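One structure is given below, encoded as structure tokens.
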Amino acid sequence: MSYVPHTQDDIKQMLKAIGVSSIDELFKDIPVALRPKSFNLPQGKSEFEVTQGLKRLSVKNATQLVNFVGAGFYDHFIPAAVDAIVSRPEFYTAYTPYQPECSQGWLQAIYEYQTMICQLTGLDVSNASLYDGGTALYEAAMMAIRFTGRNKIIMDSGVNLIYRTMLYTYTSNLSVEFVEISVVHGQSSREELARHLDDKTAAVILQNPNFFGAVDDHTDVIEKVHKVGALAIASVYPVSLGMLKTPGEMGFDIATGEGQSLGIPLSFGGPYLGFMSVKKELVRQMPGRIVGATVDSEGRRGYVLTLQTREQHIRREKATSNICSNEALCALRAAVFTALLGREGLKELAEHNYQKAEFAKDILSRIPGVEVKRSSPTFNEFTVLLPHPADEVVYRMIDKGFACGFPLGRFYKGMDNYLLIAVTEKRTKEEIRNLADSLEAVL
């Protein structure tokens, strides 16, 4: 077998050591009817053959397209230093740092990541990361349910449908009541939200910018949420926080988001990074683990796992979700990326995104039959109304060399002619003009 290093003699010695005479005897407890007849696998190939096969598959991917797709995952520039640092074997092979005496570098890296997430979101405490933006939002909802003792979640329909679907899936066997409120002219419907807020509400979930790219100040909403004793949860786009009001400034209790835009490549869907930060009073409800700073017996600064809410470490009934070493490498990428940019660099990055999106709006609005929706301010993503179904336009634009956006009809009924367009700092003015020229030709 090409990928198993053991010879027949090795196998005989191992079987002898455990006191059985054959592989069949090893598995005798499994009824014959339940044993696999065949794994239906092809014969193993050499390294060269495997490499060539993977190359043939990879060229089928349309990686040459100029990317204007967002919808929660964005094509940002990643400095070469990010790969150089995270590829160091000290980080690349690290496991969960249970032993602080031999994990100080890794623990400090996570600590710095947590600090940066707190600074970005304006909240008190961050954990050591989660799987992705959707699972982070689910964990936030469960925190609110545990903290308030209530089971009703009000959610804006402008929250990414992928995240909403994940919430429904994860809670399908739990007694959680969900209420979705409408988006009116790009903004959360204040009237509808007020009608549903009551003393059974555990949390209200909002997204900023929302899925349509619209920016909103939810300060007024949060005041009403807190009056009924519920928590306010935000799902945010971290790059936008370089210029937008932070969740902490608005009064949110929990902020979550997808960290892919902080130095993590799109990679056809992952791995990605979920981040979470909270007000201090919620810290013991957080999932996963938190790294803290302390001093040793000689007064030297050191880092340890301060809170670990897994069932191995505390009473099972008090445990929350167990998030271990799964995303720490992605969290390190986010920390390195953010450190390279710094506070002013992040502001500059956000400004580039905003200005290029505004330039694209102006250019695209000149195309006959195209309406750029302007009912709400936006960051780097916006919605346009086309004279033809957006799905058809997207497929025809691929032939022109563009991934021109996300057709909103896939997620929202009655929006078949609406297209969501994202413009990051990577898109040049020439590419934006070429997008407009090609779109006009296709229409």
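The values are calculated or read from the model by the stated rules, or taken from the named source; none is laboratory data. Nothing here was measured: the structure is a model prediction, and the numbers come from that model. Heads up, the Cβs are rebuilt from the backbone with ideal geometry, glycines too, and the neighbour counts pull from every protein chain shown. Accessible surface areas use protein heavy atoms only, side chains included; no ligands, DNA or RNA. Shrake-Rupley method; radii C 1.70, N 1.55, O 1.52, S 1.80 Å.
Could you tell me whether segment 344-361 includes any residue that is assigned to a loop (DSSP other than H, G, I, E, B) and at negative phi? Can you show your working first?
Initial filter on segment 344-361 (assigned to a loop (DSSP other than H, G, I, E, B)): none.
Looking through segment 344-361, none of the residues is assigned to a loop (DSSP other than H, G, I, E, B) and at negative phi.
Looking for something among the polar types (S, T, N, Q), surrounded by fewer than 18 Cβ atoms within 10 Å (Cβ to Cβ), part of a helix (DSSP H, G or I) and in contact with an Asp or Glu (Cβ under 9 Å, 6 or more places away or on another chain) - is there at least one such residue anywhere in segment 197-220?
Step one: list which residues in segment 197-220 are among the polar types (S, T, N, Q), which gives 201, 207-208, 210, 219.
Narrowing the set further to residues that are surrounded by fewer than 18 Cβ atoms within 10 Å (Cβ to Cβ) leaves 219.
Right, trim to part of a helix (DSSP H, G or I) and you get 219.
Of the ones still in play, those that are also in contact with an Asp or Glu (Cβ under 9 Å, 6 or more places away or on another chain) are 219.
Yes: segment 197-220 contains one or more residues that are among the polar types (S, T, N, Q), surrounded by fewer than 18 Cβ atoms within 10 Å (Cβ to Cβ), part of a helix (DSSP H, G or I) and in contact with an Asp or Glu (Cβ under 9 Å, 6 or more places away or on another chain).
Inside segment 370-398, can you point out the residues that are of a type in the set (Gly, Ala, Ser) and touching a residue at least 40 places away in the same chain (Cβ under 8 Å)?
Of everything in segment 370-398, those that are of a type in the set (Gly, Ala, Ser) and touching a residue at least 40 places away in the same chain (Cβ under 8 Å) turn out to be Ser375, Ser376.
Can you find, within segment 115-133, the residue that is most open to solvent (accessible area, probe 1.4 Å) among those that are closer than 19 Å to Asp253 by Cβ and among the small types (Gly, Ala, Ser)?
Quick first cut of segment 115-133, residues closer than 19 Å to Asp253 by Cβ only: 117-127, 130, 133.
Those still in the list that are among the small types (Gly, Ala, Ser) too: 122, 126, 133.
Numbers: Gly122: 43, Ser126: 2, Gly133: 0 Å².
Step by step, filter segment 115-133, then rank; the result is Gly122.
Please verify whether segment 203-219 includes one or more residues that are more than 22 Å from the chain's Cα centre (by Cα) and either under 22 Å from Asn151 (Cβ atoms) or hydrophobic (A, V, I, L, M, F, W, C) (or both).
Among the residues of segment 203-219, not one is more than 22 Å from the chain's Cα centre (by Cα) and either under 22 Å from Asn151 (Cβ atoms) or hydrophobic (A, V, I, L, M, F, W, C) (or both), which makes the answer no.
With the condition kept exactly as written, say whether any residue in segment 65-85 is among the hydrophobic types (A, V, I, L, M, F, W, C), open to solvent by 90 Å² or more (accessible area, probe 1.4 Å) and not in a loop (DSSP other than H, G, I, E, B). First the steps, then the outcome.
Taking segment 65-85 and keeping what is among the hydrophobic types (A, V, I, L, M, F, W, C), we get 65-66, 68-69, 71, 73, 77-78, 80-82, 84-85.
Filter once more, keeping what is open to solvent by 90 Å² or more (accessible area, probe 1.4 Å): 77.
Narrowing the set further to residues that are not in a loop (DSSP other than H, G, I, E, B) leaves none.
No, segment 65-85 contains no residue that is among the hydrophobic types (A, V, I, L, M, F, W, C), open to solvent by 90 Å² or more (accessible area, probe 1.4 Å) and not in a loop (DSSP other than H, G, I, E, B).
Pick out the one residue from Ser321, Ser325 that is in contact with a Phe, Trp or Tyr (Cβ under 8 Å, 6 or more places away or on another chain), at pLDDT below 95 and either of a type outside the set (Val, Ile, Thr) or open to solvent by less than 20 Å² (accessible area, probe 1.4 Å) (or both).
Numbers: Ser321 fails: in contact with a Phe, Trp or Tyr (Cβ under 8 Å, 6 or more places away or on another chain).
Step by step, each of Ser321, Ser325 is checked, and only Ser325 is in contact with a Phe, Trp or Tyr (Cβ under 8 Å, 6 or more places away or on another chain), at pLDDT below 95 and either of a type outside the set (Val, Ile, Thr) or open to solvent by less than 20 Å² (accessible area, probe 1.4 Å) (or both).
Mind telling me which of the residues Tyr395, Tyr412 ends up being over 19 Å from His76 (Cα atoms), modelled with pLDDT of 95 or more and part of a loop (DSSP other than H, G, I, E, B)? Outline the logic, then answer.
Working: Tyr395 fails: part of a loop (DSSP other than H, G, I, E, B).
Result: Tyr412 is the single residue among Tyr395, Tyr412 that is over 19 Å from His76 (Cα atoms), modelled with pLDDT of 95 or more and part of a loop (DSSP other than H, G, I, E, B).
Within segment 20-42, how many residues turn out to be of a type in the set (S, T, N, Q) and either touching a residue at least 12 places away in the same chain (Cβ under 8 Å) or open to solvent by less than 70 Å² (accessible area, probe 1.4 Å) (or both)? Break it down into steps so the answer makes sense when it comes.
The first filter runs over segment 20-42 and keeps only residues of a type in the set (S, T, N, Q), leaving 21-22, 38, 40.
Going one step further and asking which of them are either touching a residue at least 12 places away in the same chain (Cβ under 8 Å) or open to solvent by less than 70 Å² (accessible area, probe 1.4 Å) (or both), we end up with 22.
The qualifying residues number 1.
Can you pull out the residues in segment 28-64 that are part of a loop (DSSP other than H, G, I, E, B), of a type in the set (Val, Ile, Thr) and more than 24 Å from the chain's Cα centre (by Cα)?
Applying the first criterion (part of a loop (DSSP other than H, G, I, E, B)) to segment 28-64 yields 28-31, 35-46, 59-64.
Subset that is of a type in the set (Val, Ile, Thr): 30, 59, 63.
Correct list: Ile30, Val59.
Being open to solvent by 20 Å² or more (accessible area, probe 1.4 Å) and closer than 28 Å to Tyr418 by Cα is the requirement here; does Pro271 meet it? Full working, then the answer.
On the way: open to solvent by 20 Å² or more (accessible area, probe 1.4 Å): yes; closer than 28 Å to Tyr418 by Cα: no.
So Pro271 fails the test.
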